[in-house]
Amino acid sequence: MASMTQPDSLPGGELTARNLLQQTHGRVTPARVGVLGILLNANAALSHQEIEQTALRQGLSADRVTLYRALDWLVEQGLAHKIAGADRTWRYNAQAGIPHQHAHFHCKQCEQVFCLENLQPTLLFGLPDGYQIDEVELNLQGSCPDCRNRNAS
Ligand SMILES: [Zn+2]
Ligand SMILES: [Zn+2]
């Protein structure tokens, strides 16, 4: 039986990214590995621009179109998901074994969007018989822990 455990103790997200990509049977290209690695390492969801900037910093030699194409492909494969922010900017985060139904938290102070994987929307349990949910968009807004700490000091 193939082991599904992710080597999350490895430095950086690249090896994990490579592992996840191999499970999709898609082509493992430097852009796909790079972009997924960036998403895995980020602690908040990233916009196109932030992904591009991080790729540049990491010396990933891929142009903008290649990056975006890799990103779209990752979303199609279910390795990443995109979130429509309150500011109408799309942001992306990796999705490694995380159920699609989870809430997103938009911090109004630092404008970051966080995936709250452990917060299962309880409204799902009150759904009348016969309905089946395919997708849930639950966007919460407020202040993230960092911004709250900054304001308190
Ligand atoms: Zn914040
Ligand atoms: Zn998310």
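The values are calculated or read from the model by the stated rules, or taken from the named source; none is laboratory data. The model shown is predicted, which means the values in this text are computed figures rather than measured ones. Don't worry about glycine lacking a Cβ; one is built from the backbone with ideal geometry, like all the others, and counts go over all protein chains shown.
Some observations on this one:
- Residue match in region 79-89 (condition: closer than 19 Å to VAL33 by Cβ, outside any helix (DSSP H, G or I) and out of contact with any strand residue (DSSP E or B) (no Cβ under 9 Å at 6 or more places or on another chain)): no
- Restricting the first member to region 49-77 and to residues that are buried (at least 18 other Cβ atoms within 10 Å of the Cβ), and the second to residues that are among the aliphatic types (A, V, I, L, M) and not in a helix (DSSP H, G or I), the beta-carbon pairs closer than 6 Å and six or more apart or on different chains are LEU74/ALA80.
- Selection count, region 20-39, where residues are farther than 17 Å from TRP90 by Cα and either crowded, with 18+ Cβ neighbours inside 10 Å or acidic (Asp, Glu) (or both): 7
- Just one of the listed residues (GLU76, GLU117) is out of contact with any helix residue (DSSP H, G or I) (no Cβ under 7 Å at 6 or more places or on another chain) and within 11 Å of ligand 2 (Cβ to nearest atom), and it is GLU117.
- Output for region 1-32, where each listed residue is over 15 Å from ALA70 (Cα atoms), touching a helix residue (DSSP H, G or I) at 6+ places or on another chain (Cβ under 8 Å), at pLDDT below 85 and not small (Gly, Ala, Ser): GLN6, PRO7, ASP8, LEU10
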